[in-house]
Amino acid sequence: MNHCDFHYSHLLPKKPGILPLEETMTKQCRRCGADFVTRSRIRKRCDACQSVVSAEKQKKANERLKARRAARRMCLLKAS
């Protein structure tokens, strides 16, 4: 007997198969609730909401970066 005999993969939920390239699915946007058609299993938002959310995330990331740079600048000024 080897360690491969003691796995629990048969208890895990089965993964959905990979979609054929041209197959589309209708999903509901998690932000506005609108139905949209996509070929991706991963997408959760319609195009309009996705662009808004991406812009918001980019803005937050830029603010974090600016804050980090300012903190570093202050630290360098105090050290010298």
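So the values come out like this:
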item	result
Criterion (loosely packed, with under 10 Cβ neighbours inside 10 Å and assigned to a helix (DSSP H, G or I)) met by exactly one of Leu65, Leu77	Leu77
Candidate set: the stretch 24-36, residues that are assigned to a strand (DSSP E or B) and not hydroxyl-bearing (Ser, Thr, Tyr); chosen: the one surrounded by the fewest Cβ atoms within 10 Å (Cβ to Cβ)	Asp35
Test: Arg39 is modelled with pLDDT under 95 and either surrounded by 10 or more Cβ atoms within 10 Å (Cβ to Cβ) or not aliphatic (A, V, I, L, M) (or both)	yes
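The values are calculated or read from the model by the stated rules, or taken from the named source; none is laboratory data. Just so it is clear, the structure is predicted and the values come from calculations on it, not from any experiment. Backbone-built Cβ (ideal geometry, glycine too); neighbour counts: all protein chains shown.
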